[in-house]
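Below is one structure, written out as structure tokens, with a few remarks after it.
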């Protein structure tokens, strides 16, 4: 019984770490210092109704399904909250995308 409770507690800790702790090597950048060019893409993972239409938009719930449509260039991420940002950063780096930073809110 103790091993079972220990395994559940360990799973909860890993889930919280994945959601709450950001990846260290990815910096926060200002929106004015980044622009959409051929070698840089600003990816907006906010919902469609709150996203800016001038950026590449895939909401976070659809990101795992449509990550193949994202060009393999430097990515800068715009998100609505920290949890979405951290989960999207981990997903995109695991799928092989080069995330150069995220836009500070």
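With the cut-off at 14 Å, report for segment 48-105 the share of all Cα pairs above it, as a whole percent.
Distances greater than 14 Å cover 53 percent of the Cα pairs.
Just check segment 22-61 against the gyration tensor rule for me: Cα atoms, a ≥ b ≥ c as the square roots of the eigenvalues, rounded for a/c under 1.5, and otherwise prolate or oblate depending on whether a/b exceeds b/c.
Judged from the Cα gyration tensor, segment 22-61 comes out oblate (a/c at least 1.5, b/c at or above a/b).
Mind checking the full-extension length gain between residue 100 and residue 69? Use 0.36 nm per residue of separation minus the Cα-Cα distance, one decimal, nm.
Here the answer is 9.4 nm.
Taking only DSSP H segments of four or more residues, each worth -39500 (n - 2.57), what value at 222 nm results for the chain once the sum is divided by all its residues, to the nearest 500 deg cm²/dmol?
Counting only the DSSP helices, I get -12000 deg cm²/dmol.
Can you give me the Kirkwood hydrodynamic radius for the chain, using every pair of distinct Cα atoms, in Å to one decimal?
Result for the chain stands at 14.7 Å.
Based on the mean of other beta carbon atoms within 10 Å per residue, what is the order of 41-49, 24-32, most packed first?
Top of the packing list down: 41-49, 24-32.
I'd like to compare 59-70, 7-18: which one has the highest average count of other Cβ atoms within 10 Å, and what's the full order after that?
Per-residue Cβ counts within 10 Å, averaged per peptide and sorted highest first, yield 59-70, 7-18.
No lab work stands behind these numbers, since they all come straight from the coordinates. A quick note: this is a predicted structure, and the numbers were derived from the prediction, not measured. Virtual Cβ from ideal backbone geometry, glycine too; neighbours counted across all protein chains shown.
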